[in-house]
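The values are calculated or read from the model by the stated rules, or taken from the named source; none is laboratory data. Given the structure is predicted, the values throughout are model-derived calculations rather than measurements. Backbone-built Cβ (ideal geometry, glycine too); neighbour counts: all protein chains shown. Protein only, heavy atoms only, side chains kept; ligands, DNA and RNA dropped before computing areas. Shrake-Rupley method; radii C 1.70, N 1.55, O 1.52, S 1.80 Å.
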Amino acid sequence: MTGTLLLIRHAPLADPARLTGRRDVAAVVDAAAARRLAALAGPVSRVVSSPARRCRETAAALWPGVAVAEDARLWEQDFGSWEGMALAELPDLGVMGGEELARSAPHGGESFAALCARSIPALEELAASGGRVAVVAHAGTVRAGLARAIGGAGAALAFRVAPLSLTVIDAAPSGWSVACVNLSV
């Protein structure tokens with residue numbers, strides 16, 4: 001069955017200069033911007049969210065009154081000892097290729113490749129259910145969907161995913177294709 005994934009990154013955070021990952025923090029949701037993005041996304045068959053507070057809040061603002069299912073496999077990457085660090089203080093990993101970077105993990109955390117291994121099956125199941133499925137999650141989850149479509153985790157790390165942005169992936173038995181990346185209003 002063919003389906004369309006409307007991958008939406010959650011709304012901005014109060015402190016965007018810190019690595020958030022698994023920290024369960026609130027989003028700063030602009031209701032008017034959420035309405036515009038929902039209109040841009042168009043009709044949806046269903047809405048699924050990461051259990052993170054920032055994702056649930058964003059989904060509720062995008063589609064008020066619509067039931068939102070949660071899937072724990074859609075959580076952001078666990079950044080381990082880096083959680084909560086200021087972005088400017090993150091360690092310099094040196095020069096790495098995309099695939100090597102995708103396999104590296106902070107102490108006590110998971111790699112982007114591990115996030116892909118966890119979240120791609122969830123995205124495949126949602127796509128296989130057919131229709132237009134809105135997935136409100138994280139930058140890492142959106143990149144995992146891109147990794148599935150383009151065939152590589154390392155290449156997907158090259159995509160910037162802005163807060164409250166839309167990435168559309170069409171999934172068919174013949175393959176996945178990227179319709180657009182990082183649309184915002």
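For the chain, modelled as a GNM with alpha-carbon contacts under 10 angstrom, which of D15, D170, D92 fluctuates the most?
Sorting by GNM fluctuation, first place goes to D92.
Can you work out D for the chain in µm² s⁻¹ from Stokes-Einstein, where Rh is the Kirkwood radius over C-alpha pairs, the temperature is 25 °C and the viscosity is 0.890 mPa s?
It comes out at roughly 150 µm²/s.
Which of the listed residues, I150, V44, A69, is farthest toward the dipole's positive end in the chain, when Lys, Arg count +1 and Asp, Glu count -1 at the beta-carbon?
Among I150, V44, A69, the one farthest towards the positive end of the dipole of the chain is V44.
What whole-number value in Å² describes the accessible area per residue of region 126-185 for a 1.4 Å probe?
35 Å²
Stretch A72-A172 to full length: gain in nm at 0.36 nm per residue minus the Cα-Cα span?
Stretched out fully, the A72 to A172 stretch lengthens by 33.6 nm.
Per residue, what accessible area does region 1-94 have, given a 1.4 Å probe and all protein chains present, in Å²?
Ligands and nucleic acids excluded, the result is 49 Å² per residue.
Tally the DSSP beta bridges in region 1-150 and give the antiparallel ones as a percent, rounded to 5.
10 percent
In a GNM of the chain with a 10 Å cut-off on Cα contacts, which of A147, A67, A156 has the highest mean-square fluctuation?
Maximum fluctuation in the GNM of the chain, among the listed residues, is at A67.
What do you reckon, how do I150, I169, I120 stack up by accessible area (1.4 Å probe), largest on top?
The most accessible residue leads, giving I150, I120, I169.
List the residues of region 118-161 whose backbone N lies under 17 Å from a point placed 7 Å from the Cα of V185 along the Cα-to-Cβ direction.
Output list for this probe position: 134-137.
Distance in nm between label sites at M85 and A39, each 7 Å beyond Cα in the beta-carbon direction?
It is 4.2 nm.
Express the carbon and sulfur contribution to the solvent-accessible surface of the chain as a percent, rounded to the nearest whole number, probe 1.4 angstrom.
56 percent
When Lys and Arg each count +1 and Asp and Glu each count -1, what net charge do the other residues less than 13 Å away from R46, Cβ to Cβ, add up to?
Net charge in that neighbourhood comes out at -2.
So which residue, out of A31, A153, A88, gets the largest mean-square fluctuation from a GNM of the chain using Cα contacts under 10 Å as springs?
Result for the chain, Cα springs under 10 Å: A88 fluctuates most.
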